[in-house]
C-alpha cells in the first residue's frame, strides 16, 4: 500500500452565520480525515445515520442537545464537551435547547 501524499497546511474560518452544514475537511485536502461544521436550530435534528466503518468525534461548541444511540440510549451534549461514536453505530443528534446547537464532527475510517 502506498503512503498518503503530503498535503498543504491551511487555516480557515468557521461559518458562524445561518449555515446549517459545511464540510470543513475531506479528500483531496486531507488523506482520509473528514470533518464538518453543523448548526441545528432549536428542536432540529440531523437524522438517524450510521458511522459504518468509521469512528466519529463530535466537538460541541455551543448550545445543548441529545445524541440518541441505536434509537434508545440518550446522551446529553453541551458546550465544551466531546462525544465519541464507535464504528457501526446508528445515531442521531437533536437540539433540545433554545439556542443553536453548533458542533464540529471529525470522522476517520477504521483500517485493519
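The values are calculated or read from the model by the stated rules, or taken from the named source; none is laboratory data. A quick note: this is a predicted structure, and the numbers were derived from the prediction, not measured. Positions of Cβ are backbone-derived with ideal geometry, glycine not excepted, and every protein chain shown enters the neighbour counts.
Can residue 8 be described as out of contact with any helix residue (DSSP H, G or I) (no Cβ under 9 Å at 6 or more places or on another chain), in a loop (DSSP other than H, G, I, E, B) and either at pLDDT 90 or above or closer than 22 Å to residue 111 by Cβ (or both)?
Considered against the rule, which asks whether it is out of contact with any helix residue (DSSP H, G or I) (no Cβ under 9 Å at 6 or more places or on another chain), in a loop (DSSP other than H, G, I, E, B) and either at pLDDT 90 or above or closer than 22 Å to residue 111 by Cβ (or both), residue 8 comes out as no.
For segment 45-60: of the residues being surrounded by 15 or more Cβ atoms within 10 Å (Cβ to Cβ) and assigned to a loop (DSSP other than H, G, I, E, B), which is modelled with the lowest pLDDT?
Residue satisfying both the conditions and the ranking: 51.
Are any residues in segment 69-78 modelled with pLDDT under 95 and either within 15 Å of residue 42 (Cα to Cα) or surrounded by 15 or more Cβ atoms within 10 Å (Cβ to Cβ) (or both), and if so, which ones?
69
Restricting segment 20-33 to residues that are assigned to a strand (DSSP E or B) and free of Cβ contacts under 8 Å to residues at least 24 places away in the same chain, which is farthest from residue 101 (Cα to Cα)?
The selected residue is 25.
Given the condition in contact with a strand residue (DSSP E or B) (Cβ under 6 Å, 6 or more places away or on another chain), surrounded by fewer than 17 Cβ atoms within 10 Å (Cβ to Cβ) and either in contact (Cβ under 8 Å) with a residue 60 or more places away in the chain or within 26 Å of residue 111 (Cα to Cα) (or both), answer yes or no: does some residue in segment 34-42 qualify?
Yes; the residues of segment 34-42 include at least one that is in contact with a strand residue (DSSP E or B) (Cβ under 6 Å, 6 or more places away or on another chain), surrounded by fewer than 17 Cβ atoms within 10 Å (Cβ to Cβ) and either in contact (Cβ under 8 Å) with a residue 60 or more places away in the chain or within 26 Å of residue 111 (Cα to Cα) (or both).
What do you reckon, is residue 63 surrounded by 15 or more Cβ atoms within 10 Å (Cβ to Cβ), on the phi > 0 side of the Ramachandran plot, out of contact with any helix residue (DSSP H, G or I) (no Cβ under 8 Å at 6 or more places or on another chain) and at pLDDT 85 or above?
Criteria met by residue 63.
What is the number of the single condition among (1) assigned to a loop (DSSP other than H, G, I, E, B); (2) in contact with a strand residue (DSSP E or B) (Cβ under 7 Å, 6 or more places away or on another chain) that residue 98 does not meet?
Going through the list (1) assigned to a loop (DSSP other than H, G, I, E, B); (2) in contact with a strand residue (DSSP E or B) (Cβ under 7 Å, 6 or more places away or on another chain), residue 98 breaks only (2).
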